[in-house]
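Remarks on the structure that follows.
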Amino acid sequence: MKSKIGLMLKKELRETFRDKKSLSMMLIIPILIPLMVLGMSALFENQMKADENKYKTIGIAYEVDEVEKGILETLGIEAVYGEVEDLSEQYKNHEIDLYITKKDNAYTINGTNRTSTSYASALVENYIEAYKQYLQTDYLKDKDIDPDEVMNIVTLDRNITEEENFFSSYVTVYALLFIIMAITVSATYPATDTTAGEKERGTLETLLTFPIKSKDIIVGKFLSVSISAAITGFLGLLLMEGALYLSSNMFTIYEGVNLMLSPLNLVIVSLVILSFSLLISGLCIAIASKCKTFKEAQSALTPLNFISVFPGMIAFMMEVKSSRILSMIPFINVTTVFTDLTNGIVDWLNIALMFISTIVVIVIVLWLIIRQYKSEKVLFTN
Amino acid sequence: MLKVENLKKKFIKQTSKNSKEEFYANKGISFEASDGKIIGILGPNGAGKSTLLRMIAGILEPTEGSIEYDGMTHEKDEIVIKKSLAFLSGNTKIYNSLSAYELLRMCAEIYEVPTNEIEKRIENISKTLEMDKFLYNRIENLSTGQTQRVNIARCLVHDPKYYILDEATSGLDIISSQIILDFIKGEKSKGKTILYSTHYMEEAENICDECLMINEGVIIKRGTPDEIKEYTKTTNLRDAFFKLIEGGKNEK
């Protein structure tokens with residue numbers, strides 16, 4: 001004899017997979033994730049290149065020789081020559097990105113802590129370094145000394161792998177948060193359909209005459225909505241990994257960074273997707289089953305779409321660090337775990353606290369729905 | 001045997017934006033239904049027929065009173081009672097995205113029909129109700145009459161002892177109504193107990209062994225159709241009903 005929960009689940013899944021709207025919510029939204037990853041990466045790359053090329057107008061308050069002119073030209077610096085007072089005025093008016101003064105052989109970079117000044121400053125340092133090297137080499141040659149013997153006694157190579165890359169963690173966390181949002185949207189439709197929709201269509205009365213305990217009805221509905229939500233989540237994760245792989249090969253901003261999730265992170269993220277699917281499905285069913293009509297349920301569930309993502313998004317933007325307490329707060333704990341993982345941190349206690357708090361919320365929500373389905377109020381809200 | 005005693009149902013009605021009012025849809029209904037009988041529950045819209053049948057089917061909880069099926073109650077033996085029941089109303093909807101076959105199979109499994117009997121039962125019911133041509137079609141593609149036949153079929157699949165039929169012919173054409181009436185007669189001959197609510201008095205007169213005339217939540221007369229006609233000195237249940245209502249008004 002088949003279990004009643006199994007029969008309910010089979011019936012619910014049949015209805016969900018045969019409903020075009022539920023199916024499209026489940027499968028189409030994840031397709032937006034790779035588009036978002038690639039789009040954000042392209043945007044960052046263009047911005048970076050624009051920043052590098054944009055801030056190169058330098059004021060020079062001294063006379064330059066031919067060598068300096070050559071270096072300035074090679075580095076693409078647009079030199080503006082003038083008196084200190086004039087250049088200072090031009091800097092204030094944002095006409096130049098910084099200006100350089102010189103006393104004897106001492107150069108000074110002048111400006112404030114504007115972003116444009118810091119980009120231009122890096123260019124000026126290169127110019128000064130190149131000119132210094134030229135003068136030193138020239139001096140040594142005059143003294144009949146091989147410059148290589150003096151200047152390259154000590155060499156320096158950079159062999160630093162970037163553990164934290166601003167762009168990679170930004171794109172990965174946002175893609176993961178987008179998966180969370182997709183799960184919420186995907187759970188909303190079947191949850192509405194299986195509760196308020198069933199009430200509106202008149203099939204709920206039929207269902208309540210069947211010899212099935214309300215517990216079995218609810219668990220069947222809950223599992224069916226959770227499966228739909230989890231399918232969206234895992235499809236989103238798969239497409240996100242594909243998009244990250246493509247991005248790491250396409251964009252220079254990710255050079256030296258392993259953009260894709262490690263196998264361990266992939267397992268943890270999969271578990272987070274699963275637990276979040278269960279949580280959001282329970283909440284959606286709890287809210288929608290209190291509504292009389294499909295439309296009313298959809299309106300009631302709209303805030304949940306925002307609540308599921310915005311607290312976490314704000315926490316990420318404010319660079320809130322993970323903590324024991326935050327790990328127990330639904331919705332925010334997902335973001336803190338994702339942020340930790342993308343920064344290479346695996347805090348098992350925080351992860352465990354997130355799962356435990358999620359399970360507690362799911363149990364409470366299910367208990368409340370089962371109680372509601374035992375009462376005739378589920379049929380006659382008012 | 002089904003035994004209903006002093007059944008009352010209170011609802012709270014919103015009368016205006018800030019005020020609510022209590023009202024009783026059933027005000028103490030008692031009756032018994034023996035095996036193999038068709039009991040007609042007759043009355044106009046709003047008389048309390050559907051509330052009464054929903055309480056008997058276990059969908060609504062009575063405010064007061066008791067319902068016993070062969071000594072069992074919904075409170076203690078909910079699942080056993082529901083297995084012996086079939087509830088069908090004019091408003092009963094079925095799952096449109098399933099095919100008739102899938103629905104019947106699902107119902108048979110829910111009612112725990114032995115696995116080796118399921119196919120045979122579906123085949124027999126399909127033949128009896130002439131469903132062969134659309135058995136594997138989705139319900140959403142069926143006509144109203146065909147859908148109602150599927151609805152009857154899902155009531156038959158677990159071979160229940162009690163049928164609760166609430167305005168089952170409401171809104172149906174003459175052919176579809178006749179299918180339901182034939183089905184009721186057929187089940188009666190098998191010894192099944194049938195509670196049949198309708199506001200079509202002629203229909204009730206033809207098939208009911210006993211009638212409960214209900215108005216404003218109370219039974220105003222109980223008896224066989226002939227007894228009621230004799231009591232009211234009328235020739236049909238329709239006139240009898242009007243006479244009973246008028247009598248009630250005069251008494252008031």
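No lab work stands behind these numbers, since they all come straight from the coordinates. What you are looking at is a predicted structure, and each value in this text was computed from that prediction instead of being measured. Reconstructed Cβ throughout: ideal geometry from the backbone, glycine too, with neighbour counts over all protein chains shown.
Cβ crowding within 10 Å, taken as a proxy for footprinting-reagent exposure, orders A:Ile307, B:Ile179, A:Ile96 from fewest neighbours to most as A:Ile307, B:Ile179, A:Ile96. Over all distinct Cα-Cα pairs of segment B:113-252, the Kirkwood formula returns a hydrodynamic radius of 17.1 Å. Separation of segment B:50-79 and segment B:177-205, taken as the distance between their Cα centroids, equals 22 angstrom.
Nearest 10 degrees is fine. How inclined is helix A:332-342 to the longest principal axis of chain A, computing both from alpha carbons? The answer is roughly 50 degrees. Over segment A:55-151, the fraction of Cα-Cα pairs per 10 Å bin, rounded to whole percents and listed from the shortest bin up, is 15, 46, 26, 11, 3. Applied to segment A:4-9, the Karplus parametrisation 6.51 cos²θ - 1.76 cosθ + 1.60 on θ = phi - 60° returns per-residue 3J(HN,Hα) values of 5, 4, x, 5, 5, 4 Hz, with x for Gly and Pro. Rounded if a/c is under 1.5, else prolate if a/b beats b/c, else oblate: with a ≥ b ≥ c from the C-alpha gyration tensor eigenvalues square-rooted, which is the protein assembly as shown? In terms of gyration-tensor shape, prolate. Mind giving me the FRET efficiency for A:Lys21 and B:Asp132? R0 is 35 Å, r the Cβ-Cβ distance, nearest 0.05 is fine. E between A:Lys21 and B:Asp132, to the nearest 0.05, is 0.60. Here each label is just a point 7 Å from Cα along the line to Cβ, and for A:Arg324 and B:Glu64 those points are 5.8 nm apart. Compute the acute angle (0 to 90°) between the alpha-carbon long axis of helix A:32-54 and the principal axis of greatest extent of the alpha-carbon atoms of chain A; round to the nearest 10°. Taking Cα atoms only, the helix is inclined about 20 degrees. Only aspartates and glutamates eight or more places from B:Lys49 in sequence, or on another chain, were considered; those with a Cα closer than 12 Å are B:Asp166, B:Glu167, B:Glu216.
Antiparallel beta bridges, as assigned by DSSP with both residues in segment A:55-151, represent about 40 percent of the total such bridges. When chain A is treated as a Gaussian network with alpha carbon springs shorter than 10 Å, the biggest mean-square fluctuation among A:Asp340, A:Asp142, A:Asp193 belongs to A:Asp142.
Calculated translational diffusion coefficient of segment B:1-96 (25 °C, 0.890 mPa s; Stokes-Einstein with Kirkwood radius over alpha-carbon pairs) equals 166 µm²/s. Computed from label points 7 Å out along Cα-Cβ, the spacing between A:Asn343 and A:Gln133 is 3.6 nm. Tell me the angle of helix A:294-307 to the major Cα principal axis of chain A, expressed in degrees between 0 and 90 and rounded to the nearest ten. The two axes meet at around 30 degrees.
Note the full-extension length gain between A:Ser375 and A:Tyr81 as 0.36 nm times their separation in residues minus their Cα-Cα distance, in nm to one decimal. Numbers along the way, then the final one.
Values: separation 294, 0.36 × 294 = 105.84 nm, distance 8.46 nm.
Value of the extension gain: 97.4 nm.
Length available on full extension from B:Asp209 to B:Lys190: 0.36 nm per residue minus the Cα-Cα distance, which gives 5.4 nm. Just so you know, the Rg over Rh for segment A:95-212 is 1.52, from Cα atoms, with Rh as the Kirkwood radius.
Under the definition of partner shielding as Cβ atoms of other protein chains within 10 Å of a residue Cβ, what is the mean value for peptide A:209-222? Before the final figure, lay out the partial values.
Details: counts 13, 11, 13, 5, 2, 1, 0, 1, 0, 0, 0, 0, 0, 0.
Counting Cβ atoms of other protein chains within 10 Å of each residue's Cβ and averaging gives 3.
For segment B:93-159, taking Cα atoms only, Rg and Dmax work out to 10.7, 31 Å respectively.
Sort segment A:287-382 into rounded, prolate or oblate with this rule: let a ≥ b ≥ c be the square roots of the eigenvalues of the Cα gyration tensor; rounded if a/c is under 1.5, and if a/c is not under 1.5, prolate when a/b is larger than b/c, oblate otherwise. Please report the intermediate quantities before stating the final value.
Details: a/c = 4.51, a/b = 2.00, b/c = 2.26.
Note, shape of segment A:287-382 comes out oblate.
The slack in the chain from B:Arg222 to B:Glu22, taken as 0.36 nm per residue of separation less the alpha-carbon distance, amounts to 69.3 nm.
Averaged over peptide A:10-17, the number of partner chain Cβ atoms lying within 10 Å of each residue's Cβ comes to 3.
Residues B:Tyr162, A:Tyr174, arranged from fewest to most other Cβ atoms within 10 angstrom of their Cβ, appear as A:Tyr174, B:Tyr162.
Taking K and R as +1 and D and E as -1, what net charge do the other residues with C-beta under 12 Å from the C-beta of A:Met25 add up to? Let's see the in-between values first.
On the way: positive: A:Lys20, A:Lys21; negative: A:Asp19, A:Asp193.
Neighbour charge sum, excluding A:Met25 itself: 0.
Extending 7 Å from the Cα toward the beta-carbon at both B:Ile12 and A:Phe166 defines two label points whose distance is 5.9 nm.
Arranged by the count of other C-beta atoms within 10 angstrom, fewest first, what order do B:Tyr196, B:Tyr231, A:Tyr127 take?
On the way: B:Tyr196 26, B:Tyr231 13, A:Tyr127 21.
In increasing order of surrounding Cβ atoms, one gets B:Tyr231, A:Tyr127, B:Tyr196.
Report note on the peptides B:172-178, A:269-275, B:188-194: ranked by the mean count of other C-beta atoms within 10 Å, highest first, their order is A:269-275, B:188-194, B:172-178. 3J(HN,Hα) couplings calculated from phi for segment A:196-213 with the Karplus curve 6.51 cos²θ - 1.76 cosθ + 1.60 (θ = phi - 60°) are, in sequence order, 5, x, 5, 5, 5, 6, x, 7, 5, 4, 4, 4, 6, 8, 6, x, 10, 6 Hz; Gly and Pro show x. Running a GNM on chain B with Cα contacts under 10 Å, which residue among B:Glu109, B:Glu216, B:Glu21 ends up with the highest mean-square fluctuation? Highest fluctuation among the options: B:Glu21.
So the label point goes 7 Å from the Cα of B:Ser143 along Cα→C-beta, right? Which residues of segment B:174-192 then have their backbone N under 16 Å from it? Answer for this model: B:174-180.
Could you work out, residue by residue across B:108-121, how many beta carbons of other chains sit within 10 Å of that residue's beta carbon, and then give the average as an integer? Mind dumping the intermediate values first?
Details: counts 0, 8, 10, 3, 4, 1, 1, 2, 0, 0, 0, 0, 0, 0.
Going residue by residue through B:108-121 and averaging, the value is 2.
Values of log10 I(q)/I(0) for chain B across q = 0.12, 0.14, 0.18 Å⁻¹ run -0.74, -0.98, -1.42, by the Debye formula with one identical scatterer at each alpha carbon and no solvent.
Considering only A:Leu278, A:Leu35, A:Leu176, the Gaussian network model of chain A with Cα springs below 10 Å gives its largest mean-square fluctuation to A:Leu35. Residue-wise HN-Hα couplings along segment A:345-353, as the Karplus relation 6.51 cos²θ - 1.76 cosθ + 1.60 with θ = phi - 60° gives them from phi, are 9, 10, 9, 4, 5, 4, 5, 4, 4 Hz; Gly and Pro carry x.
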